[in-house]
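Beneath this line is the structure, given in structure tokens, with notes to follow.
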Amino acid sequence: MAKVIWVGTIEISYLDNEDSDKRKNAFTVVTTWASSAEEFRRKCELMLESHGWKLLGIDRTNPAPENYDYNEEVADRLEGTRVNPNAIIYSTFYTYPVM
């Protein structure tokens with residue numbers, strides 16, 4: 001399968017910048033070029049590991065439909081991905097408490 005732009009919502013875990021003993025969890029949207037859901041996952045894992053973060057899960061991922069009405073932030077990330085075939089771009093982190 002040829003590479004196309006994929007978009008997905010991922011759940012991550014990372015260390016708090018202010019308290020390195022405290023982990024935070026968050027959801028974010030990622031855009032990247034991939035040929036499958038497996039490649040999307042691998043690219044997310046590599047990007048996260050380069051920051052010392054961990055992939056907890058992928059909520060949903062699919063090739064980005066051209067005619068979907070994305071919010072402004074995701075549309076901007078998709079445009080950045082469109083012009084850079086090596087891009088793995090994440091959006092705002094939406095954190096939630098770790099129990």
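If only residues of the stretch 1-30 that are in a loop (DSSP other than H, G, I, E, B) and over 21 Å from V98 (Cβ atoms) are counted, the one that is modelled with the highest pLDDT is K3.
Checking the stretch 52-64 against the condition returns no match, with no residue being of a type outside the set (K, R), more than 16 Å from V7 (Cβ to Cβ), modelled with pLDDT of 95 or more and in contact with a Phe, Trp or Tyr (Cβ under 6 Å, 6 or more places away or on another chain). Evaluation of G57 against the conditions (1) part of a helix (DSSP H, G or I); (2) under 12 Å from the mean Cα position of the chain (by Cα); (3) surrounded by fewer than 16 Cβ atoms within 10 Å (Cβ to Cβ) shows that the sole unmet condition is (1).
Considering the stretch 20-45, and only residues there that are touching a helix residue (DSSP H, G or I) at 6+ places or on another chain (Cβ under 7 Å) and of a type in the set (S, T, Y), the residue that is nearest to A2 (Cα to Cα) turns out to be T32.
Residues being crowded, with 18+ Cβ neighbours inside 10 Å, part of a helix (DSSP H, G or I) and of a type in the set (V, I, T) are entirely absent from the stretch 31-41. Selection of the stretch 51-79 for residues being under 24 Å from N25 (Cα atoms), without any contact (Cβ under 8 Å) to a residue 40 or more places away in the chain and among the polar types (S, T, N, Q) yields only N71. For N17, state whether it is loosely packed, with under 12 Cβ neighbours inside 10 Å and out of contact with any helix residue (DSSP H, G or I) (no Cβ under 7 Å at 6 or more places or on another chain). Here the answer is yes, as N17 does meet what is asked. When you check E79 against the structure, is it assigned to a loop (DSSP other than H, G, I, E, B), of a type in the set (D, E, K, R) and more than 11 Å from the chain's Cα centre (by Cα), yes or no? Answer is no for this residue.
The values are calculated or read from the model by the stated rules, or taken from the named source; none is laboratory data. Treat the numbers as computed from the prediction; the structure is a model and nothing was measured. Positions of Cβ are generated from backbone atoms using ideal geometry, with glycine treated the same way; all protein chains shown enter the neighbour counts.
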